[in-house]
Amino acid sequence: MALVVALLAPAAHAEIFGNTFRSSEWGVDLTVPRTWELSEQRSYPGIIVRGFEHKTGARLLLSAEHLAPDETVRSYAERNQKGLIKIGYRVTGATAREGGAIVVDSQSPDGKKLIRQAYFVILSGQTATGYVLSVSIQAAAARQSRPFEAFDEAMRTINIAPPASQPAEAPPR
């Protein structure tokens with residue numbers, strides 16, 4: 001579903017410094033573990049950075065989009081969960097995390113792929129911006145590794161502020 005959402009969002013420029021990504025355009029930066037490789041090459045509009053872990057084949061995406069000003073992190077995550085279910089994914093868990101993120105775990109219709117997504121919404125004035133950090137991995141590879149530890153590490157490093165073109169007026173919700 002994040003990919004469907006991302007198709008509707010404008011393209012963005014990614015700035016990568018080793019394992020750290022920064023976008024002044026979207027007001028976000030994050031660092032991934034050393035075993036991950038980041039790429040500025042985006043496959044869909046709205047995807048502002050991609051990552052790949054060579055050993056497990058796990059993939060990371062960070063997407064951003066403009067939202068309606070009344071959108072909350074909960075409504076954003078719930079809307080996307082409904083989209084995942086509509087295309088056959090099974091949502092296996094959703095939890096609120098420190099910092100206001102909602103983390104959603106899901107599994108592909110055939111059970112072969114696991115996905116974890118963290119949803120964030122930042123309100124600045126009359127504008128809301130939504131961010132989704134996603135990691136996907138083949139279920140068989142996930143049993144042999146700990147891909148979600150890398151997700152948690154990246155999530156702990158994420159720093160989101162209102163995009164540069166908007167003044168900071170309200171804290172994250």
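The values are calculated or read from the model by the stated rules, or taken from the named source; none is laboratory data. Values in this document were obtained by computation on a predicted structure and should not be read as measured data. With ideal geometry, Cβ positions are generated from the backbone for all residues, glycine too; neighbour counts draw on all protein chains shown.
Quickly run through region 35-46 and pick out the residues that are among the acidic types (D, E) and at pLDDT below 90.
Matches in region 35-46: E40 only.
Can you tell me which of (1) under 18 Å from R90 (Cβ atoms); (2) surrounded by fewer than 22 Cβ atoms within 10 Å (Cβ to Cβ); (3) at pLDDT 90 or above; (4) not hydroxyl-bearing (S, T, Y) is the one I137 doesn't meet?
So the condition that I137 fails would be (2).
So, in region 104-128, how many residues would count as being free of Cβ contacts under 8 Å to residues at least 24 places away in the same chain and not small (G, A, S)?
So the answer is 3.
Looking at the structure I just gave you, is S63 free of Cβ contacts under 8 Å to residues at least 12 places away in the same chain, closer than 22 Å to A101 by Cα and surrounded by 15 or more Cβ atoms within 10 Å (Cβ to Cβ)? Break it down into steps so the answer makes sense when it comes.
Values: free of Cβ contacts under 8 Å to residues at least 12 places away in the same chain: no; closer than 22 Å to A101 by Cα: yes; surrounded by 15 or more Cβ atoms within 10 Å (Cβ to Cβ): yes.
Here the answer is no, as S63 does not meet what is asked.
So which of V32, V103 is under 23 Å from V121 (Cβ atoms), modelled with pLDDT under 95, of a type in the set (A, V, I, L, M, F, W, C) and in contact with a strand residue (DSSP E or B) (Cβ under 6 Å, 6 or more places away or on another chain)?
Numbers: V103 fails: modelled with pLDDT under 95.
Exactly one of V32, V103 is under 23 Å from V121 (Cβ atoms), modelled with pLDDT under 95, of a type in the set (A, V, I, L, M, F, W, C) and in contact with a strand residue (DSSP E or B) (Cβ under 6 Å, 6 or more places away or on another chain), namely V32.
Take the residues in region 47-82 that are hydroxyl-bearing (S, T, Y) and at pLDDT 95 or above, then tell me which one is nearest to T20 (Cα to Cα).
Among those residues, the one meeting the criterion is Y76.
Tell me yes or no: at least one residue of region 102-109 is over 21 Å from P147 (Cα atoms), of a type in the set (G, A, S) and either surrounded by fewer than 20 Cβ atoms within 10 Å (Cβ to Cβ) or out of contact with any helix residue (DSSP H, G or I) (no Cβ under 9 Å at 6 or more places or on another chain) (or both).
Taking every residue of region 102-109 in turn, none turns out to be over 21 Å from P147 (Cα atoms), of a type in the set (G, A, S) and either surrounded by fewer than 20 Cβ atoms within 10 Å (Cβ to Cβ) or out of contact with any helix residue (DSSP H, G or I) (no Cβ under 9 Å at 6 or more places or on another chain) (or both).
Going by the conditions given, is A164 more than 23 Å from R74 (Cβ to Cβ), outside any loop (DSSP other than H, G, I, E, B), at pLDDT below 95 and among the hydrophobic types (A, V, I, L, M, F, W, C)?
Details: more than 23 Å from R74 (Cβ to Cβ): yes; outside any loop (DSSP other than H, G, I, E, B): no; at pLDDT below 95: yes; among the hydrophobic types (A, V, I, L, M, F, W, C): yes.
No; evaluated as a whole, the condition is false for this residue.
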